[in-house]
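A.B. asks: Below is one structure. I have some questions about it.
Each reported figure results from applying straightforward, stated rules to the coordinates on display, with no laboratory input. This structure is a prediction, so every number in the text was calculated from the model and none was measured. Cβ placement follows ideal geometry from the backbone for every residue including glycine, while neighbour counts extend to all protein chains displayed.
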Amino acid sequence: MNQTARKVLDAGQDDWVSLAELESYVREFSAATSDHELAERDLEIIATLVESGFVEIGSVTEAAGFTPWNETLVDALEKIRHKRLNSDDWAWACWLANTELGNRIAHGHGSGDDALPETPPAAE
């Protein structure tokens, strides 16, 4: 499993993971440096984790806690991309919450190795 994704799932066992936290892991394990590269890598990790059934995307409020978004993955990713590249408060544009499967993977009860590549695909 990709180190960034593993770190997100590990962190997600205890709390929801913000976009800022995800990006800190991307910076740690990736050669991406520009805002555009970082944003694309963030989105790639989110998409793969969601498509694999390991996390849900949502919002966090003090009153409600985590609330999953009720939109398609494509729409959610576009919303995150826009906020990430065009807003000063992008760090909390979304939150990730582990699913039960994501927690099992994080606890080592499933490898998830086939779900997430170790390195990002080559740029097109």
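A.B. asks: Out of the residues in segment 1-37 meeting the condition of being hydrophobic (A, V, I, L, M, F, W, C) and without any contact (Cβ under 8 Å) to a residue 40 or more places away in the chain, tell me which one is farthest from LEU96 (Cα to Cα). Break it down stepwise before answering.
C.D. replies: Within segment 1-37, the first condition is being hydrophobic (A, V, I, L, M, F, W, C), and the residues that meet it are 1, 5, 8-9, 11, 16-17, 19-20, 22, 26, 29, 31-32.
Filter once more, so that each one left must be without any contact (Cβ under 8 Å) to a residue 40 or more places away in the chain: 11, 26, 29, 31-32.
Numbers: ALA11: 10, VAL26: 15, PHE29: 19, ALA31: 23, ALA32: 21 Å.
Here the residue is ALA31.
A.B. asks: Residue under question is ALA93, and the condition is that it be over 12 Å from VAL8 (Cβ atoms), without any contact (Cβ under 8 Å) to a residue 12 or more places away in the chain, among the hydrophobic types (A, V, I, L, M, F, W, C) and surrounded by 15 or more Cβ atoms within 10 Å (Cβ to Cβ); does it hold?
C.D. replies: Considered against the rule, which asks whether it is over 12 Å from VAL8 (Cβ atoms), without any contact (Cβ under 8 Å) to a residue 12 or more places away in the chain, among the hydrophobic types (A, V, I, L, M, F, W, C) and surrounded by 15 or more Cβ atoms within 10 Å (Cβ to Cβ), ALA93 comes out as no.
A.B. asks: Please go through segment 1-54 and pick out each residue that is closer than 21 Å to THR67 by Cβ and either acidic (Asp, Glu) or in a loop (DSSP other than H, G, I, E, B) (or both).
C.D. replies: Result: GLN13, ASP14, ASP15, TRP16, GLU21, ASP42, GLU51, GLY53, PHE54.
A.B. asks: Quickly run through segment 63-102 and pick out the residues that are assigned to a strand (DSSP E or B) and of a type in the set (A, V, I, L, M). Steps first, please.
C.D. replies: Step one: filter segment 63-102 for residues assigned to a strand (DSSP E or B), giving 65-68, 95-98.
Once the filter is applied, which keeps residues that are assigned to a strand (DSSP E or B) and of a type in the set (A, V, I, L, M), segment 63-102 yields LEU96, ALA97.
A.B. asks: Among the residues of segment 66-82, which ones are free of Cβ contacts under 8 Å to residues at least 12 places away in the same chain and surrounded by 12 or more Cβ atoms within 10 Å (Cβ to Cβ)?
C.D. replies: Filtering segment 66-82 down to residues free of Cβ contacts under 8 Å to residues at least 12 places away in the same chain leaves 67, 70-72, 74-75, 78, 82.
Residues satisfying the conditions are THR67, GLU71, GLU78, HIS82.
A.B. asks: So, in segment 51-63, of the ones that are of a type outside the set (D, E, K, R) and buried (at least 18 other Cβ atoms within 10 Å of the Cβ), which residue ends up farthest from LEU101 (Cα to Cα)?
C.D. replies: Within segment 51-63, the match that is farthest from LEU101 (Cα to Cα) is GLY58.
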